[in-house]
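J.: Have a look at the structure that comes next, please.
The values are calculated or read from the model by the stated rules, or taken from the named source; none is laboratory data. Predicted model, so just to flag it, every value in this text is computed and none were measured. Counting neighbours? That spans all protein chains shown, and the Cβs are built from the backbone with ideal geometry, glycine included. Remember, those area values only see protein heavy atoms, side chains included, never the ligands or the DNA or RNA. Shrake-Rupley method; radii C 1.70, N 1.55, O 1.52, S 1.80 Å.
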Amino acid sequence: MSDVPLTTTPAQHDTARIRPVGFRGGGFAPVSHRWMGAVVFVLLLLLAEWGTRTGFISPLTLPRPSDVLLTFQELYVSGALFKHLIPSLTRLLVGAAIGATVGISVGVLIGLFSYVRAGLVPLVAAIFPIPKIALLPLFVIWFGIDEASKYALIAFGTFTPTVVATFAAVDNVDRTLIRMGQSFGLSWFSIVRKIVLPGAMPGILSGLRISLAIAIILLVAAEMLGAQYGVGAYILEAGSLYDLERLFAGVVILSVLGVLVSTVIGWVERRVLDWRV
């Protein structure tokens, strides 16, 4: 005879009907698929190589990726790669560091102090829409044709979007957290250091991604105007000679530079914003 009871209590009956519901919020939890980016790049390169070899893509429109790779090899062997890359990296690092540092500082001051906000927000709104490339001749007049004008252009172009992103990020910090800190008796400085700055950091880093991309664009523009060495000068020379392989090699260098900048910011986000996990 079976040991199973013929009758069940209401509690046992309800327990039997309960089924575990799996977590369905996976779409809101970012999952890393790093290999997908590499797959997309490889597929595009294979498609371009096939199209240029079969004649589907005109060689006047797009050079063969294999020929561009050979151009990279020639640049590396001749030493011209680092002759152009090192000056560009120096200009980018110095100019972007100045612009980002001043921009974050001014943006935090605007977000924290009402008098600073009232005085500087109209000024930032006035200079933000100005095309920074159009100011290059003015910077050349002010700072000369040498490195100072290039640093100034990159710094100024990085400064304005960083300011806007920073004070917007400070404004978006949850005011409930600030009131909670006040209720626990935290000082003004402690609230800024422990609540406002960590809460604003995601927006600040997102703004830096845009600012550094603008810095790379301005770097190329500055080097095209008055530089003997640099990626921008190399691209300008290749374009004047209608050398598509060298031209695309310079464009690929800029693309790799952008990927490296994005990777560095992503690494900083993982280190600084680990509290979001």
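J.: Protein chains only, probe 1.4 Å: how do ASP67, ASP146 rank by accessible area, largest first? Mind showing how you got there, number by number?
T.: Details: ASP67 55, ASP146 110 Å².
Putting ASP67, ASP146 in descending order of accessible area: ASP146, ASP67.
J.: Taking every alpha carbon pair in region 65-131, what does the distance histogram look like in 5 angstrom bins from 0, in percent?
T.: 3, 14, 12, 14, 11, 9, 8, 8, 7, 7, 5, 1
J.: Could you report the chain's accessible area per residue, 1.4 Å probe, as an integer in Å²? Before the final figure, lay out the partial values.
T.: Numbers: 17740 Å² over 277 residues.
Accessible area per residue: 64 Å².
J.: What is the packing order of peptides 123-135, 82-94, taking the mean over residues of other C-beta atoms within 10 Å and listing the highest first? Don't skip to the end; give the middle numbers.
T.: Values: 123-135: 12.8, 82-94: 17.6.
Result, highest mean first: 82-94, 123-135.
J.: If you don't mind, another one. Place the peptides 160-169, 49-58, 223-232 in order of packing, highest mean first, counting for every residue the other Cβ atoms within 10 Å and averaging per peptide. Provide the component values of the computation, followed by the final result.
T.: Numbers: 160-169: 24.0, 49-58: 12.6, 223-232: 20.5.
Going from most to least packed, we get 160-169, 223-232, 49-58.
J.: A further question follows. Using Cα pairs under 8 angstrom and six or more residues apart, how large is the relative contact order of the chain, in percent?
T.: Working: 250 pairs, mean separation 56.7, N = 277.
Relative contact order, the chain: 20 percent.
J.: Under 23 Å Cα to Cα from LYS132, which lysines show up? Leave out anything in the same chain fewer than 8 places away.
T.: LYS132 reaches LYS150.
J.: Give me the mean projected area, in nm² to one decimal, of the convex hull enclosing the Cα positions of the chain. Intermediate values should be presented prior to the final figure.
T.: Working: hull surface 112.8 nm².
Its average projected convex-hull area is 28.2 nm².
J.: With a 10 Å cut-off between alpha carbons and a GNM built on the chain, which of LEU69, LEU186, LEU136 moves the most?
T.: Result: LEU186 has the largest fluctuation of those listed.
J.: Please state the equivalent ellipsoid semi-axes for region 172-221: what are the square roots of 5 times the Cα gyration tensor eigenvalues, largest first, in whole Å?
T.: Numbers: eigenvalues 234, 17, 6 Å².
So the three semi-axes of region 172-221 are 34, 9, 5 Å.
J.: Peptides 240-248, 96-104: what's the order by average Cβ count within 10 Å, highest mean first? Before the final figure, lay out each step's value.
T.: On the way: 240-248: 15.9, 96-104: 21.1.
Top to bottom by mean Cβ count within 10 Å: 96-104, 240-248.
J.: Work out the P(r) tail for region 128-277: percent of alpha carbon pairs separated by more than 28 Å, whole number.
T.: Values: 4249 of 11175 pairs.
Result: 38 percent of Cα pairs exceed 28 Å.
J.: Hey, another quick one. When the helix-only estimate is applied to the chain (DSSP H runs of n ≥ 4, each -39,500 (n - 2.57), divided by the residue count), what is the mean residue ellipticity at 222 nm, nearest 500 deg cm²/dmol?
T.: Numbers: 12 runs with 205 residues, N = 277.
Roughly -25000 deg cm²/dmol at 222 nm, from the helical runs in the chain.
J.: Compute the long axis of helix 80-112 from its Cα atoms, compare it with the longest principal axis of the Cα atoms of the chain, and write down the angle in degrees, 0 to 90, nearest 10.
T.: Approximately 50 degrees, to the nearest ten.
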